[in-house]
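As structure tokens, the structure follows; a few thoughts come after it.
The values are calculated or read from the model by the stated rules, or taken from the named source; none is laboratory data. Given the structure is predicted, the values throughout are model-derived calculations rather than measurements. Virtual Cβ from ideal backbone geometry, glycine too; neighbours counted across all protein chains shown.
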Amino acid sequence: MPGMQRERVALTKVPKIKFVIIIAGAKFGGLQFGCPKLASNAFASPIECPSLHFIGEKDPRILNEEELVGCFMNPVVIYYPEGHKVPNLDAESIETVIEFINKVKKIKIPLQGNSNL
């Protein structure tokens, strides 16, 4: 969605997306999934939106998830020893999540419109 918003094909009447947290997410138009017309340029350049990705080490879709990670600048990635599901996090992973949230809390985004896109 941040790439589509940047290209002004989605979410044009709301503030810029501040961050994303993605659990087992894959890239549109990636190795396995087709690409909707609106998303055709979403990954044309690296996405600057802060991102936190959760990837299961036993997930059969792991290559698609890692491909999506590669589309973001400075992504934070947490691997967990399970499959395609919401993870149970260990203490180290919870600390990583807290650090990510504290970082994005400091980002200032205008409340109306997306004139800063």
Does at least one position in segment 24-38 carry a residue that is modelled with pLDDT under 85, part of a loop (DSSP other than H, G, I, E, B) and of a type in the set (D, E, K, R)?
yes
Residues (loosely packed, with under 12 Cβ neighbours inside 10 Å and either assigned to a helix (DSSP H, G or I) or among the hydrophobic types (A, V, I, L, M, F, W, C) (or both)) located in segment 62-98:
Met73, Val86, Ala91, Glu92, Ile94, Glu95, Ile98
Considering only segment 7-23, state which residues are under 15 Å from Cys71 (Cα atoms) and touching a Leu at 6+ places or on another chain (Cβ under 6 Å).
Ile21
Inspect segment 92-115 for any residue being modelled with pLDDT under 95, of a type in the set (D, E, K, R) and in contact with a strand residue (DSSP E or B) (Cβ under 7 Å, 6 or more places away or on another chain) and give the result as yes or no.
no
